[in-house]
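Worksheet: one structure, shown below.
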Amino acid sequence: MVNVNVAKHAGFCFGVRDAYEMALEASEKHQNVVMLGEIVHNEAVVKRIDDAGVKVIKSLDVVQPTDTLLLRAHGSVPEVYKEAQERGLNVIDATCHLVLEIHQIARQLAQDGYQLVIIGDHNHDEVRG
């Protein structure tokens, strides 16, 4: 017999948990909800969100004016925020506040002349942001 102990705080970090809940709420309130990238790297969760009607997209090019754009917990590059605003899209920003804080600190350090070294997947929104 094997004992399995589950950590007291097993599961998503609070940023992903909040974004997941926001995605489900958005699917109930809005007709067409789209999200740039998957909310989390978990097939079961991705399927639940898809089943709720939130569609994953790869580019803002496919977003219609009547769609609601959900920005996931990982955040996005400033150009996405700017384009969404210019196009007048309904945006739900589910970016984790800790991610936003790190993005702001990194931008400020770069503006102050520091050379930043960022370690991570260069294609991941959290790193690109």
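The values are calculated or read from the model by the stated rules, or taken from the named source; none is laboratory data. Here the structure is a predicted model, which means the values were calculated and not measured. Ligands, DNA and RNA are excluded from the accessible area calculation, which covers all protein heavy atoms including side chains. Shrake-Rupley method; radii C 1.70, N 1.55, O 1.52, S 1.80 Å.
What are the semi-axes of the equivalent ellipsoid of the chain, taken as the square roots of 5 times the eigenvalues of the Cα gyration tensor, listed largest first and rounded to whole Å?
Square roots of five times the eigenvalues give 26, 24, 12 Å.
Of Leu70, Leu98, the residue with the largest accessible area leads and the full order is Leu98, Leu70 (1.4 Å probe).
Share of pairwise Cα-Cα distances greater than 15 Å in segment 60-129 is 58 percent (whole percent). Among the listed pairs Lys8/Lys29; Lys8/Lys47; Lys55/Lys82, a Cα-Cα separation exceeding 23 Å is found for Lys8/Lys29; Lys8/Lys47. Cross-link partners for Lys58 among the aspartates and glutamates, with Cα-Cα distance under 16 Å and sequence neighbours closer than 8 places in the same chain left out: Glu38, Asp50, Asp67, Glu79, Glu83, Asp125, Glu126.
Starting from a Cα-only point model with no solvent, please compute log10 I(q)/I(0) by Debye for segment 1-72 at q = 0.11, 0.14, 0.21, 0.25 1/Å. Scattering profile of segment 1-72, log10 relative to I(0): -0.32, -0.47, -0.87, -1.15. Only helices enter the 222 nm calculation for the chain: every DSSP H run of n ≥ 4 contributes -39,500 (n - 2.57), and dividing by all residues gives -12500 deg cm²/dmol, rounded to 500.
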